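S.K.: Before I ask anything, here is the structure I am working with.
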Amino acid sequence: MIDITSIDNFGEEPRFEIVYELYSMPLGVHLRLKLRVSEDVGAVDTVSDIWPTANWHEREIYDMMGIKFNGHPDLRRILMWDGYPFFPLRKNFRLKDCRAKCPMSLSPKSHRWKADRSSPNQARPPQKIASPARARRNYKRIFAQVQD
């Protein structure tokens, strides 16, 4: 298995597609399987028992599109925080209408991240970004090393 992706065909029925990209190394053959999933059903069987790498792919599809995988060993959100009520890659997702409590909030006074202590998922604050002048100096230094 190379990859699993999902497609939202908003306005069509069945709404979702799951695309499995497979490759046979001994035969050198690519195979693409497309599985259509109705929004009413919203679930398919897992393939993580056949291909263990499908675990993360299926979790991402669940997190971003809301398609569930029956029999998955650890089906929980992987990119968004627990309790996030939306699925960001659906075509009907509108960011401006999204009002969800994020476990991290940016303070307008200090422009520093503050952790919400009530959330179990506390991320580290972002790392300091180099100034443009410093970035140019680093780029010139690295480029000079490559030239040598």
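S.K.: Given the residues ARG59, ARG90, ARG94, which is the only one that is modelled with pLDDT under 85 and under 25 Å from ASN9 (Cα atoms)?
M.R.: On the way: ARG59 fails: modelled with pLDDT under 85; ARG90 fails: modelled with pLDDT under 85.
Selected residue: ARG94, the only one of ARG59, ARG90, ARG94 that is modelled with pLDDT under 85 and under 25 Å from ASN9 (Cα atoms).
S.K.: Related question: Quick check on ILE78: is it over 18 Å from the mean Cα position of the chain (by Cα) and either touching a residue at least 40 places away in the same chain (Cβ under 8 Å) or assigned to a loop (DSSP other than H, G, I, E, B) (or both)?
M.R.: On the way: over 18 Å from the mean Cα position of the chain (by Cα): no; either touching a residue at least 40 places away in the same chain (Cβ under 8 Å) or assigned to a loop (DSSP other than H, G, I, E, B) (or both): yes.
No, not satisfied.
S.K.: Tell me whether region 28-35 contains one or more residues that are basic (Lys, Arg) and either in contact with a helix residue (DSSP H, G or I) (Cβ under 9 Å, 6 or more places away or on another chain) or not in a strand (DSSP E or B) (or both).
M.R.: Of all residues in region 28-35, those basic (Lys, Arg) come to 32, 34.
With either in contact with a helix residue (DSSP H, G or I) (Cβ under 9 Å, 6 or more places away or on another chain) or not in a strand (DSSP E or B) (or both) added as a condition, the list becomes none.
Looking through region 28-35, none of the residues is basic (Lys, Arg) and either in contact with a helix residue (DSSP H, G or I) (Cβ under 9 Å, 6 or more places away or on another chain) or not in a strand (DSSP E or B) (or both).
S.K.: Does ARG59 fit the bill of being buried (at least 19 other Cβ atoms within 10 Å of the Cβ) and of a type outside the set (Val, Ile, Thr)? Reasoning before the result, please.
M.R.: Details: buried (at least 19 other Cβ atoms within 10 Å of the Cβ): yes; of a type outside the set (Val, Ile, Thr): yes.
When the stated conditions are applied, ARG59 passes them.
S.K.: Going by what's in this entry, would GLY66 be described as at positive phi and surrounded by fewer than 11 Cβ atoms within 10 Å (Cβ to Cβ)? Steps first, answer last, please.
M.R.: Values: at positive phi: yes; surrounded by fewer than 11 Cβ atoms within 10 Å (Cβ to Cβ): no.
No: the conditions fail for GLY66.
Per-residue answers, yes or no, for (1) acidic (Asp, Glu); (2) within 22 Å of ARG94 (Cα to Cα); (3) exposed (fewer than 13 other Cβ atoms within 10 Å of the Cβ):
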| site | (1), (2), (3) |
| --- | --- |
| THR5 | no, yes, no |
| VAL19 | no, no, no |
| LEU22 | no, no, no |
| LYS34 | no, no, yes |
| SER38 | no, yes, yes |
| ALA43 | no, no, no |
| SER48 | no, no, no |
| TRP51 | no, no, no |
| ALA54 | no, no, no |
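The values are calculated or read from the model by the stated rules, or taken from the named source; none is laboratory data. This one's a predicted model, so the numbers in the text were calculated from it and none came from an experiment. Note: ideal-geometry Cβ built from the backbone for every residue, glycine included; neighbour counts use all protein chains shown.
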